[in-house]
1. Does residue 90 satisfy being touching a residue at least 24 places away in the same chain (Cβ under 8 Å), touching a Ser or Thr at 6+ places or on another chain (Cβ under 9 Å) and open to solvent by 20 Å² or more (accessible area, probe 1.4 Å)?
2. Examine the stretch 164-183 for a residue that is assigned to a helix (DSSP H, G or I) and surrounded by 16 or more Cβ atoms within 10 Å (Cβ to Cβ), and state whether such a residue exists.
3. Filter the stretch 93-138 down to residues that are open to solvent by less than 50 Å² (accessible area, probe 1.4 Å) and in contact with a His (Cβ under 9 Å, 6 or more places away or on another chain) and give me whichever is farthest from residue 196 (Cα to Cα).
4. Does residue 242 qualify as being part of a helix (DSSP H, G or I), of a type outside the set (Lys, Arg) and farther than 28 Å from residue 90 by Cα?
5. Among the listed residues 100, 58, 26, identify the single one that is touching a helix residue (DSSP H, G or I) at 6+ places or on another chain (Cβ under 9 Å) and of a type in the set (Lys, Arg).
6. Of the residues in the stretch 206-225, how many are open to solvent by less than 50 Å² (accessible area, probe 1.4 Å), part of a helix (DSSP H, G or I) and out of contact with any helix residue (DSSP H, G or I) (no Cβ under 7 Å at 6 or more places or on another chain)?
7. Can you pull out every residue in the stretch 69-109 that is touching a strand residue (DSSP E or B) at 6+ places or on another chain (Cβ under 9 Å) and outside any strand (DSSP E or B)?
8. In the stretch 10-24, how many are free of Cβ contacts under 8 Å to residues at least 60 places away in the same chain, within 13 Å of the chain's Cα centre (by Cα) and under 19 Å from residue 223 (Cβ atoms)?
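The values are calculated or read from the model by the stated rules, or taken from the named source; none is laboratory data. Because the structure is predicted, anything quoted here is derived from the model rather than measured. FYI the Cβ positions are ideal-geometry reconstructions off the backbone, even for glycines, and counts take in every protein chain you see. Please note that ligands, DNA and RNA were not included when accessible areas were found on the heavy atoms of the full protein model with its side chains. Shrake-Rupley method; radii C 1.70, N 1.55, O 1.52, S 1.80 Å.
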Amino acid sequence: MAKSLLILTGHSKGLGRAILDTYLQKEGFEILAISRTCLGLDFPQLKEISLDFSELDKLEKVLENLFPKGDFEEIHLINNAGWIGEIKPVGKLQPSNLKKLMSINLLAPICLTNAFVAAYQNQNSKRIVCNISSGAAHKPVSGWSEYCSSKAALAMFSKVCEKENEHTGIRFFSLAPGIVDTGMQGEIRSVREDDFPDLERFKSYKSQGALSSAEAVSRKIDYLLSNPDKFEGVIQDVRDFDLP
């Protein structure tokens, strides 16, 4: 059987863990999973690496030899690792937190995507980079200036990558997963209302059962990456399509 490769960041919890579980059930995929915390799972097709994406110097040291070499039928990079950051209005932001968020949400995905293109641009295989974005990339949310800005920048980076790689055949997606029932939503619901005017609305998403499950979203991501030719354009949202 021809083998394929998934490179996944932020696999230890939330949506990333659901994506990992989805791919562990797929035949033929080797998985390189990168997070700050490793799970210690025992699967022959899985290799875990511990990296903190807020420390870009450590990522830079391993980038050149990070991605596996081989004759893969498909190669998927899912830049899922992310952080909501400091939920406060402009005027109260801390530069140290801003630097950390931009490293995790924007600079690390850029570095990984750059290394991915360098490693696989000449391969004759189906290659896809999926940057997990957010509706906040295109809609301003009070208190989320850091997060919105990082996701908007990642979406534009994805568009530039698609434009530059028309000749290589690598596809790029900036995918909004919707509002997913993960630990990040718990962090959002725990902030002060004077820092986050939409607090009650986000609390109601949980109380009214309006949050999507990570498992359901991961199945949609799998469908997108398994059928890229059915999707036109870089900017995608799981709420815009249903599974067949």
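1. The answer is yes for residue 90.
2. no
3. Only one residue fits best here, namely 127.
4. Judged against the criteria, residue 242 is not a match.
5. The conditions single out 26.
6. Selection size over the stretch 206-225: 4.
7. 70, 72, 73, 80, 81, 82, 108, 109
8. 1
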